[in-house]
2 protein chains.
Amino acid sequence: MVRQREFDVDIALDAAMQIYWEKGFEATSLSDLTSRMGIQRPSIYSAFGDKKELFEAALRKYTTYHSSNVRAKLQNRSSVKEGFRTLFEGIVEEGYSESCNRGCFCINTMVELAPHDEKFEILTREHQMYLSAIFQEAIERGLRSGELETDMNAKALAQTLVVSLIGLTVLMKSRPERSFINNSVEIILTLLK
Amino acid sequence: MVRQREFDVDIALDAAMQIYWEKGFEATSLSDLTSRMGIQRPSIYSAFGDKKELFEAALRKYTTYHSSNVRAKLQNRSSVKEGFRTLFEGIVEEGYSESCNRGCFCINTMVELAPHDEKFEILTREHQMYLSAIFQEAIERGLRSGELETDMNAKALAQTLVVSLIGLTVLMKSRPERSFINNSVEIILTLLK
DNA sequence: ATCATAACATACTTATCGGTATAATATACT
DNA sequence: AGTATATTATACCGATAAGTATGTTATGAT
């Protein structure tokens, strides 16, 4: 039965993700969304629900995409240290190259919505926990292979690297001098020894 | 000549700071501002300019207040290490105790406005640079007194602590388990040795 | 006491906000 | 072919956004 949808839900959601990522929840209007997604207002409501539900779907899409991205960066290297270096330096390069520094959609949401909306407090927290688990696995791999010989707890170290990555990502938004960032990255990476 | 202002500009600005700090720029309406500041709309415009100029004034007030707060925490201790511990643990306690976790107004602005408004990119960057300088002074004091004997560059170390503090402050918005934060703080503070 | 001036409270303007009612259109099933 | 149903585009809704015009009130200078 019935007429079928003319747009691809996943492509539309990706477009929504891009604009929410760039502008945040409040600063993005439904007109922004319709023009970027290439569909009309009622199509958004029927496919995704209201503005906030669409935002949640976009953020969920982002976190899965981001998780697998991070995992890939850490796994596609034989050296764990090099994996983390690639990850951290990637954030830095991205920050300096893009004209508008979007940063990390999840971190942006942690700042904008988590304090006022429990759903996003949980969603963003869980993503950070997941990243921490990915980091921990990588560190434990390095310990087993003998590449790392730190006496620090792998979990605690992973958590610290998550905190550092958040700090770097956020600080990049103010476009500080490269030396500031480079200095920090070097010291953070010395934790992996 | 002429009628004199019935409200205290500084008190009104403080009220504006509180609400902007709590809700951010976009989510704060002029009605929010008038009710919290206790003055009428035209009074805001005549005393502070438009919504964004008021925001800028509020942020400037915050950064000076915040800088001196941080400086005090680091200086009112004989031990530099204890000073940093007080600072970091203060952020953590604040985050868990407040019902709405406002975090740091400057960091919030770095995320919300810096990527889209050069004025705030500069303003927020300069505040972080200033904090870094305060941190560096404290570290150098510790080196001179013999309390610290790190072989790391004091400036680079200060910059790393700024990055870590940003990361902690932001992550607190998702209210992670205490152990996550405590682990991180301990490892970050081991950089000071 | 009068006058010039600026702060005040009220009420308004224009634009845009998020969200929806409506009617036309297209498709799958009988 | 006809019918039921969901999608589409258009146009609209009330509410609220930021910002301002207006007339009243208070004060310092003459």
Can you tell me which residue within the range A:149-173, out of those that are free of Cβ contacts under 8 Å to residues at least 60 places away in the same chain and charged (D, E, K, R), is nearest to the other protein chains (Cβ to nearest Cβ)? A:K155
For B:F84, are the conditions met, namely being farther than 25 Å from A:A114 by Cα, surrounded by 17 or more Cβ atoms within 10 Å (Cβ to Cβ) and away from DNA strand C (no atom under 16 Å from the Cβ)? yes
Can you spot a residue in the range A:44-56 that is away from DNA strand C (no atom under 16 Å from the Cβ), open to solvent by 20 Å² or more (accessible area, probe 1.4 Å) and more than 14 Å from chain B (Cβ to nearest Cβ)? no
What are the residue pairs meeting all of these: first residue in the range B:9-35, first residue touching a residue at least 12 places away in the same chain (Cβ under 8 Å), second residue of a type in the set (S, T, N, Q) and outside any helix (DSSP H, G or I), Cβ atoms under 7 Å, and 6 or more apart or on different chains? B:I19/B:T28; B:Y20/B:T28
Just give me the residues in the range A:54-94 being over 28 Å from A:P176 (Cβ atoms), more than 19 Å from the chain's Cα centre (by Cα) and charged (D, E, K, R), in sequence order. none
Counting only residues that are in contact (Cβ under 8 Å) with a residue 24 or more places away in the chain, within 7 Å of another protein chain (Cβ to nearest Cβ) and either open to solvent by less than 10 Å² (accessible area, probe 1.4 Å) or not basic (K, R) (or both), how many does the range B:174-190 have? 1
Looking only at the range B:24-35, and only at residues there that are in a helix (DSSP H, G or I) and closer than 14 Å to B:K51 by Cα, the one that is nearest to the other protein chains (Cβ to nearest Cβ): B:D32
Test result for A:K61, in contact (Cβ under 8 Å) with a residue 24 or more places away in the chain, more than 16 Å from DNA strand C (Cβ to nearest atom), farther than 30 Å from B:T109 by Cβ and in a helix (DSSP H, G or I): no
Among the residues listed as B:S145, B:S97, the single one being farther than 27 Å from B:F180 by Cβ, among the hydroxyl-bearing types (S, T, Y), more than 8 Å from every other protein chain (Cβ to nearest Cβ) and surrounded by fewer than 21 Cβ atoms within 10 Å (Cβ to Cβ): B:S145
Within the bounds of the range A:19-30, is there any residue that is touching a Pro at 6+ places or on another chain (Cβ under 9 Å) and either away from DNA strand C (no atom under 12 Å from the Cβ) or more than 23 Å from A:C100 (Cα to Cα) (or both)? yes
Residue list for the range A:104-159, filter: over 16 Å from the mean Cα position of the chain (by Cα) and charged (D, E, K, R): A:D117, A:E118, A:K119, A:E137, A:E140, A:R141, A:R144, A:E147, A:E149, A:D151, A:K155
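The values are calculated or read from the model by the stated rules, or taken from the named source; none is laboratory data. Just so it is clear, the model here is predicted, and its values are computed rather than measured. FYI the Cβ positions are ideal-geometry reconstructions off the backbone, even for glycines, and counts take in every protein chain you see. Ligands, DNA and RNA are stripped out before the accessible areas are found, and what is left, the full protein with its side chains, is counted by its heavy atoms. Shrake-Rupley method; radii C 1.70, N 1.55, O 1.52, S 1.80 Å.
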